[in-house]
Amino acid sequence: MTGISETTVETESVLDDKTFDKFKILFNNTSDGIYLFDENGRFVDYNKVAEMICGYAKHELIGQTLFESGLLFENQFSIVSKIFSKNNVGKSSGPDELTIITKRGEQIPVVIHTFPINIEKKRFIIGIARDISKRKKAEEEKILAQQDMINTLKRIPGHVFRITREDDGEFIFILSEGTIASFNNLTTESIKGLKLKDISSEESFESIKSFYEKAFNGEEISFEIPLRNSWYRTYLLPFKVNEHNKVIEIIGYSIDITEHKKATEKIKENEKFFNDVFNSISDGISILDKDLNIIQTNKIMEKMYHHNFPFHGKKCFAVYQNRSIPCENCPSLKAIETKRTQSCIVPYPDSENPSGWIDLSSYPIIDMNGSATGVIEYVKDITERKKVELELISQTKRLKNILSGTNAGTWEWNIQTGETIFNEQWAKMIGYTLEEISPTSYETWKRFVHPDDFQKSTDLINKHIQGEIDQYECECRMKHKDGHWIWVLDRGKVISRTENGKPFWMFGIHIDISERKKMDDELNKAHLELKQLNDNLEEKVIERTNQVNILLKQKDEFVNQLGHDLKNPLGPLLNLLPILEKTETDGKKQQMFKVINRNVEYMRNLVNKILQLAQLKSPNTNLYYESFHLKGEVQEIIKTNILMFEEHHITIDNQLSDELILNADKLKIHEVFTNIFNNAVKYSKNDGGHIVINQSHDNEGLVTISIKDEGIGMDQHQLDIIFDEFYKADSSRHDFQNSGLGLSIAKRIVELHGGQIWAESKGPDKGSTFYFTLPTST
Ligand code: ADP
């Protein structure tokens, strides 16, 4: 047999033509090496590829066995023996991996499949060998690459691991290394050999299991997972596949991203904060790139320019100014160019507010290289402020016009910058022209004002600025050009404030009050004199009062003396006159005696009363206190005077309590009642009347007695003075009974007892009631 390639007869006889042709094509064109052995294992034939694999030409090996050929290492003989053993007759074998030693001495790994064929009843064995050196090399390279990858990963801070999957589906760590010191309370090294389930908490295992399953299904996975107080990011890659291309191992890498997470959260928070601030600022903000394209705007901006919304990507001048080219002197372009903040006030044309104004500030955004990459525009709607400012200007103008007619000096003071504006009159008031004292400043005021008044004025201005007083007002002296001082009334008020509430402009006036001050001085002088006079007057009054008191005392003494002097000669008169009257028979003379008698009686009565009062007023007067039932005593007094009451048809009702016991001078109390009863009769109406005596208890041992009559009554004026000495209210009715001293005596007696007396009447003809308080016996 010469070989299949030369088409042997034997072969043809076994295989039909077509099959043989196909075999021949296969034999010569396959990419595998095909060796044909006889049943003794000797080479019978092999194709070109087989020749290339082993490096031997056909004639060099035909007839030799594999063992003899030198193609195999001895340790592979057992595999070959098995293939050619008698037991395997009729069976195919493989794949077996063998390493062939080529003619050039190289070692080539091959995979061999063998199967027997019969040709002309002879058994042959076909060995198909595939050169797997490239695959092997690739595998080795892959392992090296994987090793490299593991080594690289090991150097990165984190946890590197390999996981295989058991038949029961458990994931087992077959490698665990890394720079993370501990992982869920386990060291990375100690995880090796553990199941994924063992190192995870129940709920975390459930959520991560699916990722591992995906990785075992061939996907590259990355996920983040919280474990205890830390966050980990894990990457899973399929690592090893089996011959069925099924992933049998995955490699994983976990890194602690807690800090990163925190930082991300912080960034998110900061971003949120920034956005919140951005949107809550009540002024408009837009961020532009250096070509003036709008990148970001806040809500206010969107509201202000809603008619051109959305803005993003559009030019600022198109959106905000409805222009096709940038504005002249655009502050944002200037800010980008100069890298410095620019501000300006520009009109804010709006259909709703055609006379609007905005205060625009452009802040350049400078990158790390120092170049301006854009600009932040800060837009403040100052329409209202502008309006107020314009109003203020016109108001100030009007005010100045008004003031120019009043000769008032005016001053304006910018509290923030110190700038001052005075009018001509301000200077004129102190004898200068405005030109003479220019340039003016706050110092100009300081120069002319009296140093004492400057301090006072400064204090008051500060008080006003701080809101303690509504307006500033101070009277100050200012030095006139001639050298004398003039007085000015300085008045002012803060009329505008800065955006942040600081006082800005203060406006004030000066009014020359020198004349008024002069008058004030004179007035003060007059006041002083008057006061001195007043003080003297007081002294004089005291002096006079003393004199009057002395005189009154002298009067009392005189009246007392007079009483005594009058009483003495009255005695004989009173005794003798009735005798003379009796002895006189002449009727006319008898009448005359009667008149004399009445007058003498009046005189006696008057003198007695005078003496009685004088005695009561004397400091030596003593009261003889005793306790007695008042009701009984009053009853006695009524009895004594019963004829008088009856004569005047007057009934009397003593309603005093039986229990009422007074502690008083009984005789003097008699006197009080007698005087009041006499008056009640004297001043009763012609048709009689009714008297009621009553009591009411006061506190502190006093009882108030009331004696009410139905007589002619009194008006208020009479009531006020009836207790004065010698006062007789009813002059029309006074007769010889009237001394005008009865109530004075009653008053004195009551007061000596520590009581009070007063009278009430509802008016003439309406009766009177006399009240007096007296001490009761306790
Ligand atoms: P006279 O001696 O005048 O009565 P009095 O001091 O007793 O002096 O009284 C002073 C005056 O008070 C009387 O003149 C009388 O006008 C008035 N007066 C006193 N009691 C009464 C009374 N009960 N009703 C009206 N007027 C009275």
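The values are calculated or read from the model by the stated rules, or taken from the named source; none is laboratory data. Worth saying up front: this structure is predicted, and the values here are computed from it rather than measured. As a convention, Cβ positions derive from the backbone with ideal geometry for all residues, glycine included, and neighbour counts pool all protein chains shown.
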Quick check: anything in region 442-463 at pLDDT 90 or above, surrounded by 18 or more Cβ atoms within 10 Å (Cβ to Cβ), under 34 Å from the mean Cα position of the chain (by Cα) and closer than 30 Å to residue 499 by Cα? yes
Taking only pairs six or more apart or across chains, which ones have beta-carbon atoms under 7 Å, a first residue in region 76-90 that is surrounded by 12 or more Cβ atoms within 10 Å (Cβ to Cβ), and a second residue that is at pLDDT 80 or above and in a loop (DSSP other than H, G, I, E, B)? 80/72; 84/41
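Among 379, 346, 375, which is the only one that is in contact with an Asp or Glu (Cβ under 9 Å, 6 or more places away or on another chain), at pLDDT 90 or above and not small (Gly, Ala, Ser)?
On the way: 379 fails: at pLDDT 90 or above; 346 fails: at pLDDT 90 or above.
Answer to the check: 375.
Can you tell me which residue is nearest to residue 467 (Cα to Cα) among those in region 495-535 that are small (Gly, Ala, Ser) and part of a helix (DSSP H, G or I)?
Here is the first cut: in region 495-535, the residues small (Gly, Ala, Ser) are 496, 501, 508, 514, 526.
After this cut, where a residue has to be part of a helix (DSSP H, G or I) as well, the list is 514, 526.
On the way: 514: 30, 526: 38 Å.
Among those residues, the one meeting the criterion is 514.
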Give the residue, chosen from 620, 575, that is loosely packed, with under 10 Cβ neighbours inside 10 Å, modelled with pLDDT under 85 and not in a helix (DSSP H, G or I). 620
Inside region 430-472, can you point out the residues that are in contact with a Gly (Cβ under 8 Å, 6 or more places away or on another chain) and within 28 Å of residue 518 (Cα to Cα)? 461, 471, 472
Pairs only if they're at least six apart or on different chains, beta carbon under 6 angstrom, first in region 751-771 and without any contact (Cβ under 8 Å) to a residue 24 or more places away in the chain, second more than 9 Å from the ligand (Cβ to nearest atom) and among the β-branched types (Val, Ile, Thr); list them, first residue then second. 756/773
Applying the selection to region 757-778, what residues are modelled with pLDDT under 95 and out of contact with any Gly (no Cβ under 7 Å at 6 or more places or on another chain)? 777
Out of 252, 218, which single residue is over 49 Å from the mean Cα position of the chain (by Cα), over 17 Å from residue 139 (Cβ atoms) and touching a residue at least 60 places away in the same chain (Cβ under 8 Å)? 252
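Residue-wise test of (1) in contact with a Pro (Cβ under 6 Å, 6 or more places away or on another chain); (2) polar (S, T, N, Q); (3) at pLDDT below 85.
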site: 542; (1), (2), (3): no, no, no
site: 547; (1), (2), (3): no, yes, no
site: 563; (1), (2), (3): no, no, yes
site: 606; (1), (2), (3): no, no, yes
site: 614; (1), (2), (3): no, no, yes
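Taking residue 518, is it surrounded by 11 or more Cβ atoms within 10 Å (Cβ to Cβ), at pLDDT 80 or above and within 30 Å of residue 474 (Cβ to Cβ)?
Numbers: surrounded by 11 or more Cβ atoms within 10 Å (Cβ to Cβ): yes; at pLDDT 80 or above: yes; within 30 Å of residue 474 (Cβ to Cβ): yes.
It is true that residue 518 is surrounded by 11 or more Cβ atoms within 10 Å (Cβ to Cβ), at pLDDT 80 or above and within 30 Å of residue 474 (Cβ to Cβ).
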With the requirement that a residue be out of contact with any His (no Cβ under 7 Å at 6 or more places or on another chain) and of a type in the set (D, E, K, R), what does region 467-478 give you? 468, 470, 473, 475
With respect to residue 556, is the statement that it is within 30 Å of residue 620 (Cβ to Cβ) and either in contact (Cβ under 8 Å) with a residue 60 or more places away in the chain or loosely packed, with under 10 Cβ neighbours inside 10 Å (or both) true? yes
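Check whether at least one residue in region 729-737 is away from the ligand (no atom under 11 Å from the Cβ) and without any contact (Cβ under 8 Å) to a residue 24 or more places away in the chain, and report yes or no. Walk me through it before giving the result.
The initial filter retains those residues of region 729-737 that are away from the ligand (no atom under 11 Å from the Cβ), namely none.
Checked region 729-737: no residue is away from the ligand (no atom under 11 Å from the Cβ) and without any contact (Cβ under 8 Å) to a residue 24 or more places away in the chain.
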For residue 467, all conditions in the list (1) outside any loop (DSSP other than H, G, I, E, B); (2) closer than 20 Å to residue 496 by Cβ hold save one; what is the number of the exception? (1)
What's the number of the condition residue 746 fails, among (1) within 8 Å of the ligand (Cβ to nearest atom); (2) surrounded by fewer than 19 Cβ atoms within 10 Å (Cβ to Cβ); (3) of a type in the set (Gly, Ala, Ser)? (2)
Mind checking which pairs have a first residue in region 355-368 that is modelled with pLDDT of 85 or more and aromatic (Phe, Trp, Tyr) and a second that is surrounded by 18 or more Cβ atoms within 10 Å (Cβ to Cβ) and not in a strand (DSSP E or B), Cβ under 8 Å, 6 or more apart or different chains? 363/335
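Looking at this structure, is residue 324 closer than 21 Å to residue 364 by Cβ and polar (S, T, N, Q)? Walk me through it before giving the result.
On the way: closer than 21 Å to residue 364 by Cβ: no; polar (S, T, N, Q): yes.
No; evaluated as a whole, the condition is false for this residue.
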I'm trying to understand the selection: among the residues of region 696-717, which are touching a residue at least 12 places away in the same chain (Cβ under 8 Å) and either basic (Lys, Arg) or within 15 Å of the ligand (Cβ to nearest atom) (or both)? 705, 706, 707, 708, 709, 710, 711, 712, 713, 714, 715
Take the residues in region 654-665 that are without any contact (Cβ under 8 Å) to a residue 60 or more places away in the chain and either part of a strand (DSSP E or B) or out of contact with any helix residue (DSSP H, G or I) (no Cβ under 7 Å at 6 or more places or on another chain) (or both); name whichever of them is farthest from the ligand (Cβ to nearest atom). 659
